[in-house]
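**Q** The following block contains the structure, expressed as structure tokens.
The values are calculated or read from the model by the stated rules, or taken from the named source; none is laboratory data. Small disclaimer: the values here were computed from a predicted structure and weren't measured. Heads up, the Cβs are rebuilt from the backbone with ideal geometry, glycines too, and the neighbour counts pull from every protein chain shown.
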Amino acid sequence: MRYIAPARGTVDPAVFTRWPLRAWQQPAGWLQAVDWPTIDALNATRPADMAERFVAQTLALLGDGLHYEQRIAEHDLIATREANWHDLFNAMVWLRYPAIKRALNAQQMAEIAHMGPKQRSRPQYAMTHFDEAGVLVVLRDPYLLSLWDAHDWYGLFWRERQAWVDGRAEVEVFGHALLEHALTPDKLLVGKALVWLGDVTMAYVRRDCATAIVGGHVLRDPLDLRPLPLSGLPGWHPASGEEGFHLNAACYQARRDGRVYPPAQR
């Protein structure tokens, strides 16, 4: 079922105090102000090294006949629907993670050149899943990875819930559809994760992720991505502080027979 975001001004203010949206409050007012940020406002906050710019998605723009990715690659134009939650979050992700977005665009263009604009390859599906629902995860305790491998969600999010607070595990949401879904209170969020194992910073992970995408080392198949029920994390869902939530939450799925995850990035 297609998700329909709440109208601006009707969003429960509580969602902006919980993760993941509490991490996306800058620039101030973009999420909670009465008025939508304009295209000019989006462009005014671009990093100095970001050549791409946002442009209103109009019939005139779409009349150029270009694929969305092609317009970015050849003209540095990111088609953006105005007054639209999904595209606002996409723009905010571009502003925060331009290198990763640029890497995805380059690989999408490589696949389009191979497959044509109307067919999609396994790598394209993987990149789209990550673009929409992607999560970057650092695990500094290998025991946590073993729980994740086994889909031991009770162990990972209840017995070891302190790990997500004390620095043994760290999460950043990249997928703009995940951010949009977080506008709905009680929505159970599940991310598509790439995971790094070791004592590395999230800044390193962001750089390494972009490099790995460009090099074709990750996102070559949708099965490269690990499901991560984000609603189990401390403070991400109103009920995540209750043990009962972790016993029967609908977002906690058993591992399918034969499902094996690729090794974590190191």
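Matching residues to (1) at positive phi; (2) polar (S, T, N, Q); (3) touching a His at 6+ places or on another chain (Cβ under 6 Å); (4) in contact (Cβ under 8 Å) with a residue 24 or more places away in the chain:
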position: SER146; (1), (2), (3), (4): no, yes, no, no
position: ASP152; (1), (2), (3), (4): no, no, no, no
position: GLN162; (1), (2), (3), (4): no, yes, no, no
position: ARG168; (1), (2), (3), (4): no, no, no, yes
position: PHE174; (1), (2), (3), (4): no, no, no, yes
position: LEU183; (1), (2), (3), (4): no, no, no, yes
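**Q** From SER231, SER240, which residue is hydroxyl-bearing (Ser, Thr, Tyr) and in a loop (DSSP other than H, G, I, E, B)?
**A** SER240
**Q** Take the residues in segment 98-139 that are touching a strand residue (DSSP E or B) at 6+ places or on another chain (Cβ under 7 Å) and of a type outside the set (A, V, I, L, M, F, W, C), then tell me which one is surrounded by the fewest Cβ atoms within 10 Å (Cβ to Cβ).
**A** HIS129
**Q** Take PHE89 and tell me if it is within 22 Å of ARG8 (Cα to Cα), of a type outside the set (Ser, Thr, Tyr) and part of a strand (DSSP E or B).
**A** It is false that PHE89 is within 22 Å of ARG8 (Cα to Cα), of a type outside the set (Ser, Thr, Tyr) and part of a strand (DSSP E or B).
**Q** Only one of LEU219, LEU228 is over 25 Å from ARG159 (Cβ atoms) and either buried (at least 21 other Cβ atoms within 10 Å of the Cβ) or at pLDDT below 95 (or both); which?
**A** LEU219
**Q** May I ask you to list the residues in segment 6-40 that are part of a loop (DSSP other than H, G, I, E, B), surrounded by 18 or more Cβ atoms within 10 Å (Cβ to Cβ) and either touching a strand residue (DSSP E or B) at 6+ places or on another chain (Cβ under 7 Å) or among the aromatic types (Phe, Trp, Tyr) (or both)?
**A** TRP19, PRO20, TRP30
**Q** What pairs come out if I take residues in segment 52-70 that are on the phi > 0 side of the Ramachandran plot and pair them with residues that are surrounded by 14 or more Cβ atoms within 10 Å (Cβ to Cβ) whose C-beta lies under 8 Å away, six or more apart or interchain?
**A** Once the first residue is on the phi > 0 side of the Ramachandran plot and sits in segment 52-70, no partner that is surrounded by 14 or more Cβ atoms within 10 Å (Cβ to Cβ) comes close enough.
**Q** For ALA91, work out the one condition from (1) over 26 Å from ALA7 (Cα atoms); (2) buried (at least 20 other Cβ atoms within 10 Å of the Cβ) it doesn't fulfil.
**A** The failed condition is (1).
**Q** With the condition kept exactly as written, say whether any residue in segment 120-132 is within 18 Å of the chain's Cα centre (by Cα), in a strand (DSSP E or B) and either over 12 Å from GLU69 (Cα atoms) or outside the structural domain of ASP166 (by TED's automatic domain parsing) (or both).
**A** no
**Q** Among the residues of segment 187-200, is there at least one that is surrounded by 18 or more Cβ atoms within 10 Å (Cβ to Cβ), in the same structural domain as LEU233 (by TED's automatic domain parsing) and part of a helix (DSSP H, G or I)?
**A** Within segment 187-200 (the criterion being surrounded by 18 or more Cβ atoms within 10 Å (Cβ to Cβ), in the same structural domain as LEU233 (by TED's automatic domain parsing) and part of a helix (DSSP H, G or I)), the answer is no, since none of the residues qualifies.
**Q** So if I check each of ALA250, ALA203, ALA210, which one is part of a helix (DSSP H, G or I), surrounded by fewer than 19 Cβ atoms within 10 Å (Cβ to Cβ) and at pLDDT 95 or above?
**A** Only one candidate passes the filter, namely ALA203.
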